[in-house]
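Asker: Pasting a structure below so you can have a look.
Since every read-out is calculated from the coordinates, none of them should be taken as a lab result. No experiment lies behind these values; they were computed from the predicted model shown. Glycine gets a Cβ as well: all are built from the backbone with ideal geometry, and neighbour counts include every protein chain shown.
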Amino acid sequence: MKKIIRSFGLLALLLLAVVFLDIGCVFRHVTGIPCPGCGTTRACIQFLQGHVVDAFYYHPLFWLTVILLVVMVLKDGRMFRSEKANRWFWIVILLMYLSVYLVRMVLLFPDTPPMELNEQAPLWKLWETFRSR
Ligand SMILES: [Zn+2]
């Protein structure tokens, strides 16, 4: 029980930090490139407002992310009793997210939300400096 409360506490702290810093995705804020999870928050908000099609546009796997977060917190990241089954489960999940990420990068990057480029990000500016020489 203590572990669950601690996990939810860490999640709540992370969410509060993102909201108060108002930087959106930390990965995109630093690198300029959207991460595989970009759009999930907007998708959840759209879903909660009843805009199901918009929710799937912002992130087709938003529903799975919510389920996985609950599984990770409540069941310690273990979906199955078998270690091998758990390993395969997480490999399939990873491949699903990477596949969706690649398709979204090809179709939406660099100027269509939620996969837009952040040209003000420090690592992107550094990249541009080296690339222009
Ligand atoms: Zn992101």
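Asker: Enumerate the lysines that LYS3 could reach by cross-link, defined here as Cα to Cα under 20 Å, with residues fewer than 8 away along the same chain left out.
Answerer: In chain and number order, the partners are LYS75.
Asker: While we're here: Within the stretch 98-112, what residues put their amide N at less than 19 Å from the label point 7 Å along the Cα-to-Cβ vector of LEU123?
Answerer: Within reach of a label on LEU123, which here means backbone N under 19 Å from a point 7 Å along Cα→Cβ, the stretch 98-112 contributes 98-99, 101-106, 109-111.
Asker: Can you give the extra length, in nm with one decimal, that the chain gains between ASP22 and VAL53 once fully stretched, where that is 0.36 nm per residue apart less the Cα-Cα distance?
Answerer: The span from ASP22 to VAL53 would gain 8.6 nm if fully extended.
Asker: Charges on Cβ only, +1 for Lys and Arg, -1 for Asp and Glu, centred on the Cα centroid of the stretch 29-133; of ILE33, LEU74, TRP124, which one is farthest towards the dipole's positive end?
Answerer: LEU74
Asker: Just to confirm the filter: which chymotrypsin sites (Phe, Trp or Tyr not before Pro) across the stretch 1-58 are DSSP coil and have at most 11 other Cβ within 10 angstrom of their Cβ?
Answerer: On the way: sites: PHE8, PHE20, PHE27, PHE47, PHE56, TYR57, TYR58; in loops: none.
Nothing satisfies the criteria.
Asker: With angles folded into 0 to 90 degrees, how steeply does helix 83-108 sit against the dominant principal axis of the chain? Use alpha carbons for both and round to 10.
Answerer: 30 degrees
Asker: Using just the helices of the chain, give the 222 nm mean residue ellipticity in deg cm²/dmol: DSSP H runs with n ≥ 4 each add -39,500 (n - 2.57), and the total is spread over all residues, rounded to 500.
Answerer: About -21500 deg cm²/dmol.
Asker: Give me log10 I(q)/I(0) at q = 0.17 Å⁻¹ for the stretch 2-123, Debye formula, one equal scatterer per alpha-carbon, no solvent.
Answerer: One equal scatterer on each Cα of the stretch 2-123 leads to -1.03.
Asker: If I stretch the segment between ILE91 and ILE5 completely, what's the gain in nm (0.36 nm per residue apart, minus their alpha carbon distance), one decimal?
Answerer: 28.2 nm
Asker: Checking the cross-link filter: which aspartates and glutamates have an alpha carbon closer than 18 Å to that of LYS125, excluding same-chain neighbours under 8 positions apart?
Answerer: Partners within reach: ASP111, GLU116.
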